[in-house]
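Report on the following structure.
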Amino acid sequence: MKIFLSWSGELSRGVARALEKWLPYMIQSVQPFLSSDITKGDRWGDKLVDELNAAQYAIICVTKYNLSKPWLHFETGALAKLIGPANVAPLLFGLHQGCVAGSPLAQFQSVLNTKDEMLRLVHSINSTLDAGKVNREILTNTFEQWWPHLEADLQSLSPGKSEETQTPFSWLYVFEDLQSRESQAEVKTVWIVAPDISRHMPVVRQKMAMWGDKVECRIFVREADESLRADLEDLRKSSSDRVDHRNFRRDDFDIEVVTDCVILNANPQPRVADMPPRHMFLRLPIDGGDYWIIVGDTAAERFSDRFNKLWETGRTMELAVASAA
């Protein structure tokens, strides 16, 4: 029995590779196939069509990075026509069932990468076999022995380690992608510069709790209202003063800031020795989506200097109130 393992992207391919190695231990008569297994010299298109036609079961390796990728949906549709929707199983890696709602994948019985769900998948594959079917009790016992091996392989494929993005472009990010990049960097300082910081407050709280006492954070805000100022002050106190914030006057802030920015390891004045590499993310000031780009190091340094100047010399709302008094 041939099982077609459909993948799209680095993380999805890793999941498919783990399944390719693991499935024959469950059911010895199955032959998993990945398109990356096509050898040099074969006509890629012809070989792929042959494998699609020969498949009797298909597992679609779905991740947050390929959920909307056209190629994955093309292969899924072709497989559904050839072998029937009942024998097509989207495996949702790091996702929940609701993620496929409204997607072409919603028509299939999807599977989560949990122990119970994977056992159900193995029994589903076994039930479609004519020859080579394994006794149900034996298959369950075999699964119990081999599940830890697959679980370990899948855990090594943490989405946070992927270099992919959830957009069609490798250089364009959504906010969740930035969190993955963040987790891969050594972080000593974080500067968050945002005209409206309120949208980021839940994430900031989560990050500061995760980093503990290892990271210092500066938050630049513009004419924050009383409620937001109270939230920022509460965050400062709960972090043992590792979070500092300044509430700038609109005219001073808007001269230096056009859009949201996050800088990891921005080097304040005076410079700090042994600072890890700087990483800067800039939110595109466009309507229709929350998209970010990574800024090159030279530009990031200039932005850091600009924001450091604002921090040191910009007029804050508190000073304006004091002067008026």
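Residues in region 70-80: is at least one of a type in the set (D, E, K, R) and either open to solvent by 10 Å² or more (accessible area, probe 1.4 Å) or without any contact (Cβ under 8 Å) to a residue 60 or more places away in the chain (or both)? No, that holds for no residue.
Based on this model, can you work out whether VAL193 counts as open to solvent by less than 80 Å² (accessible area, probe 1.4 Å), in contact with a strand residue (DSSP E or B) (Cβ under 8 Å, 6 or more places away or on another chain) and free of Cβ contacts under 8 Å to residues at least 40 places away in the same chain? Explain how you work it out, then say what you get.
Numbers: open to solvent by less than 80 Å² (accessible area, probe 1.4 Å): yes; in contact with a strand residue (DSSP E or B) (Cβ under 8 Å, 6 or more places away or on another chain): yes; free of Cβ contacts under 8 Å to residues at least 40 places away in the same chain: no.
Taking the combined requirement at face value, the residue does not satisfy it.
A count restricted to region 81-95 and to residues that are in contact with a Phe, Trp or Tyr (Cβ under 8 Å, 6 or more places away or on another chain), outside any strand (DSSP E or B) and over 19 Å from PRO24 (Cβ atoms) stands at 2. One residue is enough: does region 84-96 have a residue meeting the conditions under 24 Å from ASP50 (Cα atoms) and open to solvent by 40 Å² or more (accessible area, probe 1.4 Å)? Yes, there is a match, as at least one residue in region 84-96 is under 24 Å from ASP50 (Cα atoms) and open to solvent by 40 Å² or more (accessible area, probe 1.4 Å). Taking the criterion of being farther than 23 Å from THR259 by Cβ and either among the acidic types (Asp, Glu) or under 23 Å from the mean Cα position of the chain (by Cα) (or both), the residues of region 185-214 that qualify are GLU186, LYS188, ALA209, MET210, TRP211, GLY212, ASP213.
Based on this model, can you work out whether GLU223 counts as surrounded by fewer than 18 Cβ atoms within 10 Å (Cβ to Cβ), modelled with pLDDT of 90 or more and over 23 Å from LEU95 (Cα atoms)? When the stated conditions are applied, GLU223 passes them. For beta carbons closer than 6 Å, sequence separation of 6+ or different chains, a first residue in region 252-277 that is within 18 Å of TRP211 (Cβ to Cβ) and a second that is at pLDDT below 80, the qualifying pairs are LEU264/ALA185; MET275/ASN267.
Criterion applied to SER124, SER103, SER110 was being surrounded by 12 or more Cβ atoms within 10 Å (Cβ to Cβ), over 30 Å from VAL204 (Cβ atoms) and in contact with a Pro (Cβ under 6 Å, 6 or more places away or on another chain), and the one residue passing it is SER110.
Selection of region 245-266 for residues being modelled with pLDDT of 90 or more and loosely packed, with under 14 Cβ neighbours inside 10 Å yields ARG250, ASP251, ASP254, ILE255, THR259.
For region 232-270, the set of residues classified as among the charged types (D, E, K, R) and within 12 Å of THR189 (Cβ to Cβ) consists of ARG242, ASP244, listed by residue number. Taking the conditions exactly as written (touching a His at 6+ places or on another chain (Cβ under 9 Å) and open to solvent by 50 Å² or more (accessible area, probe 1.4 Å)), does ARG181 satisfy them or not? In short, no.
The values are calculated or read from the model by the stated rules, or taken from the named source; none is laboratory data. Since we're looking at a predicted model, the values are computed, not measured. Cβ coordinates were reconstructed from backbone atoms using ideal geometry, including for glycine residues, and neighbour counts include every protein chain displayed. Remember, those area values only see protein heavy atoms, side chains included, never the ligands or the DNA or RNA. Shrake-Rupley method; radii C 1.70, N 1.55, O 1.52, S 1.80 Å.
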